[in-house]
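Following: one structure in structure tokens, then a few remarks.
The values are calculated or read from the model by the stated rules, or taken from the named source; none is laboratory data. Bear in mind the structure is a predicted one, so any value in this text is a computation, not a measurement. As a convention, Cβ positions derive from the backbone with ideal geometry for all residues, glycine included, and neighbour counts pool all protein chains shown. Note: accessible area is taken over every heavy atom of the protein model, side chains too, but ligands, DNA and RNA are not part of it. Shrake-Rupley method; radii C 1.70, N 1.55, O 1.52, S 1.80 Å.
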Amino acid sequence: MIYLDYQATTPVAPEVVKAMQPWIDDNFANPHSPSRWGREADAAIEHARAQLDKAIDVPGGSVAFTGSATEALNWALRGTIERAPTGRNRIITLATEHAAVLDTCEWLAEQGVDLTVLPVGRDGLLDLDLLERELDDRVALVAVMLVNNEIGVLQPVGEIANMAHNVGALMLCDAVQALGRVELPDNADLIAVSAHKIHGPKGIGALWMRQGEEPKPLIHGGGQERGLRSGTLSPALCVGFGAAAELAASRMSRDYDHVHKLWSAALDALGDGWTINGSTRHRYYGNLNIRRKNVDGARLIADLRDIAFSLGSACASGSGRPSHVLRALGLDYREARGSVRLGFGRYTHKDELVEACRRIAHAAEAQERAFA
Ligand code: PLP
């Protein structure tokens, strides 16, 4: 199998597996219990927290571990609205956000929150003048993703955070696809991340919170994570997340250079006839979302079963609905249906990527011939 679905999930790094192993094999203690083994597990979790905080590299706050980035985003949105002062009942977000943000915002709107979902341009970027016109002192939170999971486009989150702060609102950044790949802005108040997108294990995410801006808890119980997020933590998952974060931070420029070379190789191998979805300049280059006339993306995927690539977000793929992100760029139904996403990264070999792209191009040409 040639794996080109790095936005859906990433292969677990061998260093991460090694770091996790003792916490699966030997030490099964509850990290919140006072025994010596419990305290050892707790110390391992605190080390992992420090590794993750360092990789996020934003001063003035720290992470709480969660079960996923989806949970972190739900918590940030709901918990911030819950603690917002009276009169601040508005959320501004973008049409290209992940379902974990959009669906939670829709749910909040049903509870009476005033929701504004801003459109993006044909290149996937937010028009900052439009945001400026929308911002007012009723806004509690602005939620914007740094690197888009479907099209790789990079939003100017640093500037957006400044603008949010100017009207007294907080900024939530979904940095799930950005951590370890691009530098995170240092002025967001809440940052959601996920281990499995950075070569760590599945089933663990985190919410970085600026001190003093912690949302109200979403999950109540034993009072773990400073009383903010209850539930027994898994030392193995936390240690894996910490190791993955440290590794990603230490290899960031090396991984970035590798990905840049892969991007050029992929475009060469695909040849003519493709259009790239989203800005080619403001982007992370490990995400290549392309479309072609008279091609059906789902059929391409079905034709090439030994290449793992996708139509867009893994969550949307099963639904049969065209991607909300591609529709937000202004693509019509057929253009969205004719799009596929190739995702590559640290462990992708150039040769396998080139082979996959050539085969994708051949399969697309065959479809075009059949259509003509
Ligand atoms: N946000 C973005 C941009 C994502 O790509 C994903 C995963 O697809 C999520 C949030 C949700 O992350 P998790 O799988 O940890 O719930």
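Overview of results
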quantity	calculated
Selection from region 63-106 of residues that are away from the ligand (no atom under 11 Å from the Cβ) and of a type in the set (G, A, S)	A64, A76, G79, A84, G87, A95
So G271, is it open to solvent by 20 Å² or more (accessible area, probe 1.4 Å), touching a helix residue (DSSP H, G or I) at 6+ places or on another chain (Cβ under 9 Å) and within 30 Å of V354 (Cα to Cα)	yes
Of all residues making up region 46-94, the number that are of a type in the set (A, V, I, L, M) and over 18 Å from the mean Cα position of the chain (by Cα)	6
Elements of type helices (runs of 4 or more DSSP H) contained in region 316-372, each with 1 or more residues being open to solvent by 10 Å² or more (accessible area, probe 1.4 Å), at pLDDT below 95 and under 23 Å from A266 (Cα atoms)	333-337, 350-371
Candidates A109, A50, filtered to the one that is open to solvent by less than 60 Å² (accessible area, probe 1.4 Å), without any contact (Cβ under 8 Å) to a residue 60 or more places away in the chain, in a helix (DSSP H, G or I) and more than 16 Å from the ligand (Cβ to nearest atom)	A109
Residue identified as buried (at least 20 other Cβ atoms within 10 Å of the Cβ) and modelled with pLDDT of 95 or more among P235, P217	P235
Residues within region 113-122 that are closer than 30 Å to D5 by Cα and not in a loop (DSSP other than H, G, I, E, B), tallied	2
Count of residues meeting criterion [within 11 Å of the ligand (Cβ to nearest atom) and surrounded by fewer than 24 Cβ atoms within 10 Å (Cβ to Cβ)] in region 183-200	1
Members of region 336-372 found to be among the charged types (D, E, K, R) and closer than 24 Å to N149 by Cβ, listed by number	R337, R341, R346, K350, E352
Pairs with Cβ under 6 Å, 6+ apart, first in region 272-298 and farther than 11 Å from G124 by Cα, second open to solvent by 50 Å² or more (accessible area, probe 1.4 Å) and part of a strand (DSSP E or B)	R291/T275
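Residue by residue, here is whether (1) within 16 Å of the ligand (Cβ to nearest atom); (2) charged (D, E, K, R) holds:
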{"site": "S264", "(1), (2)": "no, no"}
{"site": "T280", "(1), (2)": "no, no"}
{"site": "N287", "(1), (2)": "yes, no"}
{"site": "N294", "(1), (2)": "no, no"}
{"site": "H324", "(1), (2)": "yes, no"}
{"site": "G330", "(1), (2)": "no, no"}
{"site": "E352", "(1), (2)": "no, yes"}
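Let's see how each residue does on (1) crowded, with 24+ Cβ neighbours inside 10 Å; (2) within 18 Å of G286 (Cα to Cα); (3) at pLDDT below 95:
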residue: L146; (1), (2), (3): yes, yes, no
residue: E150; (1), (2), (3): yes, yes, no
residue: G158; (1), (2), (3): no, no, no
residue: N166; (1), (2), (3): no, no, no
residue: Q177; (1), (2), (3): yes, yes, no
residue: G203; (1), (2), (3): no, no, no
residue: R210; (1), (2), (3): no, no, no
residue: G221; (1), (2), (3): no, no, no
residue: G240; (1), (2), (3): yes, no, no
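Every residue, every condition in (1) of a type outside the set (V, I, T); (2) within 28 Å of E134 (Cβ to Cβ), yes or no:
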residue: R36; (1), (2): yes, no
residue: A48; (1), (2): yes, no
residue: K54; (1), (2): yes, no
residue: V58; (1), (2): no, yes
residue: A64; (1), (2): yes, no
residue: S68; (1), (2): yes, no
residue: L73; (1), (2): yes, yes
residue: A84; (1), (2): yes, yes
